[in-house]
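In what follows, a structure is listed as structure tokens, so that the remarks can point back to it.
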Amino acid sequence: MSNTSVPDIRRPKTRAGARIALVSLTAAALAAGAALTVATSANAGTTLGASAAERGRYFGAAVAANKLSDSAYTTILNREFNSVTPENEMKIDATEPQQGQFNFTNADRIVSHARSRGMQVRGHTLAWHSQQPGWMQNMSGAALRTAMLNHVTQVATHYRGQVVAWDVVNEAFADGNGGARRDSNLQRTGNDWIEAAFRAARAADPAAKLCYNDYNTDNWTWDKTQAVYRMVQDFKQRGVPIDCVGLQSHFNSGSPYPSNYRTTLSSFAALGVDVQITELDIEGSGTTQANTYRNVVNDCLAVARCTGITVWGIRDTDSWRASGTPLLFDGSGNKKPAYDAVLSALNNGAGPNPTTTPPGPNPTTTPPGPNPTTTPPPAGAGCTASVSLNSWSAGFVATVRVTAGSSGTSGWTVSLTLPSGATVTNSWNTSASGTSGAVRFSNATHNGRIAAGQSTEFGFQGTGSASSLTPTCTAS
Ligand code: G2I
């Protein structure tokens, strides 16, 4: 198979087996951090992004740079979505067309469009067998390994602080029975190429969530799903830095939405990673298509660590599978029944808010290299707190991890001082007092009690800028 061919997305031939406080941000400034729980008063419940944000999640779209001049396209993008994934512009052939010569022009256009409007960006993708530039297709062995790691480092460094999550490695497993790795020039550099890519990405951008992304991993009983599950489990056990699993979820009659999809989402989440639906499209039309979209959204809402959904394009005519009319808007930009189903599921569906963790080392192991956002657990009583920040031009989201000392806690308070100009607009899993200067966050009713050495997390969102925060923790 050519390295530039479109992935074969088919069913394998065999298989084994209370609305929160509204904040007065404009729609354009609607923030979209992975753990975000915020909505605009103007758009609450009326757009995909605002409704998802009320559920602590994002709703994104794959975006093509050459469509940003199409006003019908950008009108829908800017109104409905609060997360963006460049469809092709961050891929290896686009960003490093000649070895060592990087081109970020088109990807930067998308990132700038998104971030200037308060949308988050998912990076796609750093290491992949497909869409490799010619020079890389012709490489092998140690030279390829070095080139791949350099690519990961350079691209993740360029977007450091601007990309909330990276698809670090894409589609590394084979279809069909057996759960083997896909053969590729990257795989032939050694089975550890995936973890090497993840370690390089963590070193380059410690705050980005690092995801493994694949297709045909939606059905819990399929060998490929189980193989990816075992890899993620192994990575978590050995402290390889991985924070999330992306399920592409391209559904059609040959690769249908599986009734055990929610089991797949919750099983991955139980490994201690976030789950993201990264490339959703569902071929079909009318009520049938709408019902499947509704099921997918309800499944995500039912799993606390399913932190967001991205659809792979905006209008049917923008899709890589346009003839299957798999998206939420028709070619004229009209909302389809599938759109209404998704919006109503986001507004009405039951389910917990996300309980995300910041990227960082597996707490049970020693990761390679420093992580500036974490604080070691205390030796004595009391508690400690560490902050992970996701900042953009207009604001920031802080995720705070509170770790109990040797006596455990029955309650806790985290104090910190915000830089001048920074204001807290929203918080979750905490009771906040003060919005600027010295602010305090106390436990909510459900998370005051922490066993010795264990942790809980809360978060807050702010406007203004906060490049670093120094928290202190007091236990009761
Ligand atoms: O194949 C669907 C997706 C499967 N998962 C990974 C995604 O990255 C992948 O996206 C698709 C894009 O939607 C297509 O737009 O990836 C394809 C390539 O693997 C993209 O197709 C390419 C064509 O192959 C090129 O000929 C074309 O120049 O799109 C390029 C830009 O339109």
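When THR221 is tested against the conditions (1) hydroxyl-bearing (Ser, Thr, Tyr); (2) closer than 16 Å to ALA62 by Cβ; (3) part of a loop (DSSP other than H, G, I, E, B), the lone failure is (2). Among the residues of segment 155-169, not a single one is of a type outside the set (A, V, I, L, M, F, W, C), closer than 27 Å to ASP218 by Cα and either more than 14 Å from the ligand (Cβ to nearest atom) or at pLDDT below 95 (or both).
Taking the conditions (1) farther than 23 Å from ALA207 by Cα; (2) open to solvent by 10 Å² or more (accessible area, probe 1.4 Å); (3) aliphatic (A, V, I, L, M) in turn, VAL164 satisfies each one other than (1). Picking from residues in segment 44-93 that are part of a loop (DSSP other than H, G, I, E, B) and β-branched (Val, Ile, Thr), the one that is nearest to the ligand (Cβ to nearest atom) is THR47. Within the option set ASN219, ASN252, ASN213, being within 16 Å of the ligand (Cβ to nearest atom) and open to solvent by 10 Å² or more (accessible area, probe 1.4 Å) holds for one residue only, ASN252. The set of residues in segment 245-260 being part of a loop (DSSP other than H, G, I, E, B) and modelled with pLDDT of 95 or more consists of GLN248, SER249, SER253, PRO256, TYR257, PRO258, SER259, ASN260.
Can you find even one residue in segment 253-274 that is within 20 Å of ASN347 (Cα to Cα) and of a type outside the set (A, V, I, L, M, F, W, C)? For segment 253-274, residues within 20 Å of ASN347 (Cα to Cα) and of a type outside the set (A, V, I, L, M, F, W, C): present.
Looking only at segment 98-154, residues that are of a type in the set (S, T, N, Q), closer than 25 Å to ARG188 by Cα and more than 16 Å from the ligand (Cβ to nearest atom) come to 9 in all. For segment 289-323, filtered to residues that are among the polar types (S, T, N, Q) and farther than 29 Å from GLY56 by Cβ, the residue that is farthest from the chain's Cα centre (by Cα) is SER323. Across segment 170-196, the qualifying residues are those that are within 16 Å of the ligand (Cβ to nearest atom) and small (Gly, Ala, Ser), and the one among them that is nearest to GLU87 (Cα to Cα) is ALA172. Among the residues of segment 426-439, count how many are open to solvent by less than 40 Å² (accessible area, probe 1.4 Å) and either among the aliphatic types (A, V, I, L, M) or in a strand (DSSP E or B) (or both). Count: 5. Looking at ALA201, ALA207, just one residue is assigned to a loop (DSSP other than H, G, I, E, B), under 16 Å from the mean Cα position of the chain (by Cα) and at pLDDT 95 or above, and that residue is ALA207. If the condition is being more than 16 Å from the ligand (Cβ to nearest atom) and buried (at least 24 other Cβ atoms within 10 Å of the Cβ), then segment 270-298 contributes ASP274, VAL275, TYR293, VAL296, VAL297.
The values are calculated or read from the model by the stated rules, or taken from the named source; none is laboratory data. This one's a predicted model, so the numbers in the text were calculated from it and none came from an experiment. FYI the Cβ positions are ideal-geometry reconstructions off the backbone, even for glycines, and counts take in every protein chain you see. Accessible surface is based on the protein model in full, side chains and every heavy atom, while ligands, DNA and RNA are left aside. Shrake-Rupley method; radii C 1.70, N 1.55, O 1.52, S 1.80 Å.
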